[in-house]
Amino acid sequence: MIVDCHTHIWRAEHWSAEGAGDSARARAGPIDLEVTREAHWQAMEVVDRAIVFGLRAQHVGIVVPNDFVADYVKRHPDKLIGFTSIDPNESDYMDELHRSVEDLGLRGVKLGPIYQNYHPMDERLS
């Protein structure tokens, strides 16, 4: 069984202008920031299962709604496993975690300390 444990899905509008600019500079040129559902699904042909998440990281200029991820993985429940992304810098991050699991059916958590500007041992996460 082949499981891809790190896949993303987002739309270009989930990126701020600053975040898109930073990504372009990191790649030394224009970058296509669109990961469409269709392109993602096509890439998943070679795997048996895949974990899918967006990213909530206002610090670097990307906020993918967890609803966007949940809507996509619900279309392919036999193959895709949706993860929520929460940002501990947001005041409602625990509410969003509970909503993502209880209401959206997402099954794991994506954290990105380097993208979200917090220390992994931050007491808020205990």
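The values are calculated or read from the model by the stated rules, or taken from the named source; none is laboratory data. This one's a predicted model, so the numbers in the text were calculated from it and none came from an experiment. Every residue, glycine among them, receives a Cβ derived from its backbone with ideal geometry; neighbour counts consider all protein chains shown.
Here are a few things to note about the model shown:
- When ALA39 is tested against the conditions (1) in contact with a strand residue (DSSP E or B) (Cβ under 9 Å, 6 or more places away or on another chain); (2) under 23 Å from ILE2 (Cα atoms); (3) outside any loop (DSSP other than H, G, I, E, B), the lone failure is (1).
- Set GLY105, GLY61: member being more than 27 Å from MET121 (Cβ to Cβ) and surrounded by fewer than 18 Cβ atoms within 10 Å (Cβ to Cβ): GLY105
- The set of residues in the range 82-105 that are farther than 12 Å from GLY54 by Cα, of a type in the set (A, V, I, L, M) and not in a helix (DSSP H, G or I) contains only LEU104.
- Those residues of the range 76-98 which are out of contact with any helix residue (DSSP H, G or I) (no Cβ under 8 Å at 6 or more places or on another chain) and not hydroxyl-bearing (Ser, Thr, Tyr), in sequence order: PRO77, ASP78, ASP92, MET94, ASP95, LEU97, HIS98
- Meets criteria (β-branched (Val, Ile, Thr) and within 13 Å of the chain's Cα centre (by Cα)) for ILE86: yes
- Any hit, the range 79-102, residues being farther than 28 Å from MET121 by Cα, surrounded by 15 or more Cβ atoms within 10 Å (Cβ to Cβ) and either in contact with a Cys (Cβ under 9 Å, 6 or more places away or on another chain) or touching a residue at least 60 places away in the same chain (Cβ under 8 Å) (or both): no
- Extreme residue, farthest from the chain's Cα centre (by Cα), among residues of the range 45-54 that are at pLDDT 95 or above and surrounded by 16 or more Cβ atoms within 10 Å (Cβ to Cβ): ALA50
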